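Coordinate-derived values only; no laboratory data. Model, not experiment: these values are computed from the prediction. Positions of Cβ are backbone-derived with ideal geometry, glycine not excepted, and every protein chain shown enters the neighbour counts.
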Amino acid sequence: MKLNVITKSTVCGLLLSSFLATAQKTNLEVDLTKSITKIQPTMYGVFFEDINFAADGGLYAEMVKNRTFGFDTPLMGWSQPNSNVHSLNKESGMATPMRTSENPNNPDFCRIIINNDKGYQIINEGFRGMGIKKYAKYNLSLKAANHNNAIKKIIIQFIDVDKKVLGETTIVPSSANWKDYSTQIVATATEAKAQLKITFEGNGTIDLDMISLFPQETWNNRKNGLRKDIVQLLYDLKPGFVRFPGGCIVEGRTLENRYQWKKTVGAVEDRETMINRWNVEFKHKQAPDYFQSFGLGFYEYFQLSEDLGAEPLPILSCGIACQYNTGELVPMEELDPYVQDALDLIEFANGAVTTKWGKLRSDMGHPTPFNLKFIGVGNEQWGPQYIERYKVFAKAIKEKYPNMTIVSGSGPSPDGVFFDYGWDELKKLNAEIIDEHYYKNPEWFKENAARYDNYDRKGPKIFTGEYAAHPKGVEDGLKENNWLSALSESAFMTGLERNADVVHLTSYAPLMAHVDAFQWAPDMIWFDNLNSYGTANYYVQKLFSNNKGTDVLAITKDGKALTGQNELYATAAKDVDKKELILKLVNTSGKAQDIEVNLSGKKVDSKGKMILLTNQNLEEYNTLEEPTKIVPTEKEYKLSGKKAAVTLPAYSLVILKLKMK
């Protein structure tokens, strides 16, 4: 009797288990013939801002800090270890900042007085050091005026923290007038925190300026160009656009401190150094040595966009300084120069070589136009002051360049009074694209996957220009780029893609940060002076961008989109050029879930590809030491008839790619 009871119990248990297993399976439908909307080539792009030492000390490969002695403290970044400044008669030498009226953009230089042959030195510390690699070559250049030809030789060396020499070269200054010199150093060891030591032989005075050092190997081997490893990470994203130069950096803390593109073009040595607005913005992350050389200027941004196969999207000041800081306004009657800057920028990008600004572009090495299609007016401005200025910009731009697409802004938040006001007013003005920003916790991103489902299909298009999930209670820095933040962003991004008829551009922000000199986290790419790596968030962006397709397809459960039911999210697309079906499936729950997708309308090959990005620890994150903790894996996938069945691991993003017959 007891045996029979156990048998019945076991049978009931098996039936219950079977029922639960069936209940956990989610059945989805996709009709391969019914395209919902086109996906824009600009759907997934990158947003660059010079925050976190992203330009000088980062993407821009210059290794010398304060190369023109143009910082507010002219010798910042430079030291004189063997100069006895308290005993003028006995010191070996002294460096003195000087100014000249001959070059108003770069008036500063350094006068070196050497009193004896004891080997007077100046040392540049670089950007938290200089990253050098064994056997790699580094190009050094400088300007010098050797008074009375008194200095016989300049010895230039890499040194480490113990003053050990890690490479050496020399220059013989041969003119009493300003003259350009160049040489090359080969590093004899790999060192992330090297410094540059300059020693003088002789007795007398020499003036120095524009002391510059670049790795010979840069992106596309451009002389004095960009860091190859960082650009490679950007290239691998296959971005549809590059938004530059920011961000709040466009606005400035004051109008004087705003980004002015005309000061960032022309000869590099003539570009005026300016304090970076993130210099002392955050009390817990002071960076008093954070300046902009503008070696990475608007020409270089356009050139980078072209290299990446991406549309350039410059953002310009609308005459309002950051409203979180001074909120300084240029009076409406004085707005014309700001508007003219926008018109001149379009001419710089697209104008014929016979035009003023088109000629400058040509003289800089790019006679063919950059084919600029988008321009942004303002960054995160809000209120009536922004709207009245936007109207003036839009009228002037459209009158001269009717085909230019103007990007406007809805303020710094995804909702609230300022957001609603901006949207209402911009919609009345028939704005083309409105930029929305949101930095929220991971739950917000999961809960807002359907944010754009009910947006007006006839209204302005959307640019989600800055977004990132900020985990609650996580220590500032690398840990903020954990798998929880990236996974929640992937859930949200299915909603962006599903609404591609409304959402035309999207970009994570900020793009990158130096591990030893950051002000803001999380960031998509982290680097030090030698290496760089992509975060889990980077790989989410890469998977969506590299697998976006051309047309959105409906993927539904019981006729409804999957927007978080049972913590599942999904989007489907096809690539008409590659004849591929692409399914993106996200499971934010802590248990595996079975998915079965019924494919109708067209046949697909039985063999395809499955890409998986997952980690069972939501707090895990990549680091410079372990950059591949969270990276995609790929394997062959086999289809069962017309049904695509897959088990989604807990906390996972899965992409299925199938060839359509």
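For labels at Glu475 and Ala267 in the simple 7 Å Cα→Cβ model, what's the distance in nm?
According to this spin-label approximation, the distance is 4.9 nm.
For the chain, what does -39500 (n - 2.57) per DSSP helix run (n ≥ 4), summed and divided by total residues, give at 222 nm, in deg cm²/dmol to the nearest 500?
Rounded to the nearest 500, it is -6000 deg cm²/dmol.
Quick one: what are the phi-derived ³J(HN,Hα) couplings along the range 512-526, Karplus 6.51/-1.76/1.60 with θ = phi - 60°, whole Hz, x for glycine and proline?
With coefficients 6.51, -1.76 and 1.60, one gets 8, 7, 7, 4, 9, 7, 10, 10, 9, 9, x, 9, 6, 10, 10 Hz.
Please give me the summed charge of the neighbours of Gly202: other residues whose Cβ is under 10 Å from its Cβ, Lys and Arg +1, Asp and Glu -1.
Taking every Cβ under 10 Å from that of Gly202, the sum is 0.
What's the local net charge at Met76, with K and R +1, D and E -1, over the other residues with C-beta under 10 Å away?
That works out to -2.
Can you tell me the 0 to 90 degree angle between the C-alpha axis of helix 417-428 and the longest principal axis of the chain, rounded to 10?
80 degrees
To check my understanding: the extent here is largest minus smallest coordinate of the Cα atoms along each principal axis. What are those three numbers for the chain, in Å, largest first?
110, 66, 45
Among DSSP bridges having both ends in the chain, what percentage is antiparallel? Round to the nearest 5.
Percentage antiparallel, nearest 5: 75.
Assuming 0.692 mPa s and 37 °C, estimate D for the range 254-383 with Stokes-Einstein, Rh taken as the Kirkwood radius over Cα pairs, in µm²/s.
My calculation gives 205 µm²/s for D.
Give me the angle, in degrees from 0 to 90, between the Cα long axis of helix 536-546 and the longest principal axis of the Cα atoms of the chain, rounded to the nearest 10.
Long axis of 536-546 versus the principal axis of the chain: about 70 degrees.
Be a star and scan the range 460-492 for residues whose amide nitrogen sits under 16 Å from the point 7 Å along the Cα-to-Cβ vector of Glu625.
Backbone N within reach: 478-479.
Helix 336-350 versus the longest principal axis of the chain: what is the Cα-based angle in degrees, 0 to 90, to the nearest 10?
That helix lies at roughly 80 degrees to the long axis.
With Cβ to Cβ distances under 9 Å as the rule, what net charge do the other residues near Ala144 carry (K, R +1; D, E -1)?
Value of the local net charge: -1.
Can you compute the modelled spin-label distance between Asn103 and Lys458, with each label point 7 Å from Cα toward Cβ, in nm?
Computed distance between label sites Asn103 and Lys458 equals 5.9 nm.
Among the GluC sites (Glu not before Pro) within the range 53-152, which fall in a DSSP loop and have no more than 13 other Cβ atoms within 10 Å of their own Cβ?
Glu102
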